[in-house]
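Take a look at the structure set out below.
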Amino acid sequence: MIPVIGLGSWQVFDVGASAAERQPLEEVISRFVTLGGRVVDSSPMYGRAEQVIGDLAAKLSLHSALFLATKVWTTGKDEGIASMEKSLSRLQTRRIDLIQVHNLVDARTHLATLRDWKEQGRARYIGITHYNSSAYPEVARLLRTEKIDFVQINYSLGEREAAKEVLPLAQDRGVAVLVNRPFGGGDLFARVRQKPLPDWAGEFDCHSWAQFLLKWIIAHPAATCAIPATGNVRHLEDNMQGGIGRLPDATLRQRMVEAIAQL
Ligand SMILES: NC(=O)c1ccc[n+]([C@@H]2O[C@H](COP(=O)([O-])OP(=O)(O)OC[C@H]3O[C@@H](n4cnc5c(N)ncnc54)[C@H](OP(=O)(O)O)[C@@H]3O)[C@@H](O)[C@H]2O)c1
């Protein structure tokens, strides 16, 4: 079991070693765990993010509380292994909770290695990721033909296409779904800013636009965990609240789609 709200790390965790750069992220990850969060998603593609997460987890003794997810993003078997070794070293762990093939790059090659790592106990779960609907046919093909534990995909009130095939297929195959870009990379806030939250949002214990966007996602029966990225502790608290209380039913979810379309 993992909590429905996780933490992404693209861009926001790619910072240097100075106290001024690290302190806000230390506050974010510490508060995340205090509020019951576990899943932190990273990638060797995210600059210094893996190192920052590893350093902060070690400094705050959070390794046992966190469910660490990272990725392999290169071509070739040996290059993939070397990359994953570096990721584990930067994250300061001997076993990773989840390794995913980032953007399906050389997926067949890496999935064979990932299965080996899983057998050896170096990775608890394995998966694939993408962030764009152009890749859905290939994501669907891998979901049908490969044995994977997780798929990570973009799905939000601004990008709903995954609900057509990828999400139902993942559900049928018993594959857990991490949802990336839950705020469309932040773009959805530009649409809702200055607009009043509909009063019926109270029907599902929703008190902010961030919670509105997150609750719509995690109410999908296939969604396991949404992974919003933030470097701001107030935003983190807002997002974590999105995982608490009632969720919208199918009728309310449709009303939410229409409310966003009308903005
Ligand atoms: N191919 C892949 O595998 C792939 C692709 C894309 C993303 N991902 C993963 O998914 C994660 C999430 O996607 P994303 O980072 O692209 O975008 P996102 O989570 O949809 O949006 C992040 C943006 O939203 C802002 N934000 C967060 N919470 C907020 C709140 N409560 N109120 C107002 N603004 C808020 C953040 O700024 P502040 O810092 O100011 O809060 C940030 O600019 C990534 O970090 C990464 O881990 C994976």
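Checked against the criterion of being at negative phi and either surrounded by 16 or more Cβ atoms within 10 Å (Cβ to Cβ) or part of a loop (DSSP other than H, G, I, E, B) (or both), the candidates 78, 55 yield just one match: 55.
Is one or more of the residues making up segment 98-118 in a loop (DSSP other than H, G, I, E, B), touching a strand residue (DSSP E or B) at 6+ places or on another chain (Cβ under 7 Å) and not acidic (Asp, Glu)? Checking segment 98-118: not a single residue is in a loop (DSSP other than H, G, I, E, B), touching a strand residue (DSSP E or B) at 6+ places or on another chain (Cβ under 7 Å) and not acidic (Asp, Glu). When the residues of segment 120-157 are filtered to those that are assigned to a loop (DSSP other than H, G, I, E, B) and among the aliphatic types (A, V, I, L, M), the one that is farthest from residue 210 (Cα to Cα) is 148.
Filtering 247, 263, 236 for residues that are in contact with a helix residue (DSSP H, G or I) (Cβ under 8 Å, 6 or more places away or on another chain) and away from the ligand (no atom under 16 Å from the Cβ) leaves a single hit, 247.
Being in contact with a Cys (Cβ under 8 Å, 6 or more places away or on another chain), at pLDDT 95 or above and more than 12 Å from the ligand (Cβ to nearest atom) holds for only one residue in 126, 218, 148, and it is 218.
Of everything listed in (1) crowded, with 22+ Cβ neighbours inside 10 Å; (2) closer than 19 Å to residue 254 by Cβ; (3) not acidic (Asp, Glu), the single unmet condition for residue 166 is (2). Among the candidates 6, 47, 36, the residue that is closer than 24 Å to residue 154 by Cα, modelled with pLDDT of 95 or more, within 13 Å of the ligand (Cβ to nearest atom) and touching a strand residue (DSSP E or B) at 6+ places or on another chain (Cβ under 9 Å) is uniquely 6.
Criterion applied to 212, 204, 183 was being modelled with pLDDT of 95 or more and within 9 Å of the ligand (Cβ to nearest atom), and the one residue passing it is 183. In segment 238-255, how many are more than 12 Å from residue 201 (Cα to Cα) and among the aliphatic types (A, V, I, L, M)? Final tally of qualifying residues: 3.
Cβ separations smaller than 8 Å between residues 6+ apart or across chains give the following pairs from segment 22-35 residues that are more than 18 Å from residue 227 (Cα to Cα) and in contact (Cβ under 8 Å) with a residue 60 or more places away in the chain to residues that are surrounded by 15 or more Cβ atoms within 10 Å (Cβ to Cβ) and small (Gly, Ala, Ser): 24/231.
The values are calculated or read from the model by the stated rules, or taken from the named source; none is laboratory data. Everything numeric here is computed off the predicted structure, so don't read it as measured data. Reconstructed Cβ throughout: ideal geometry from the backbone, glycine too, with neighbour counts over all protein chains shown.
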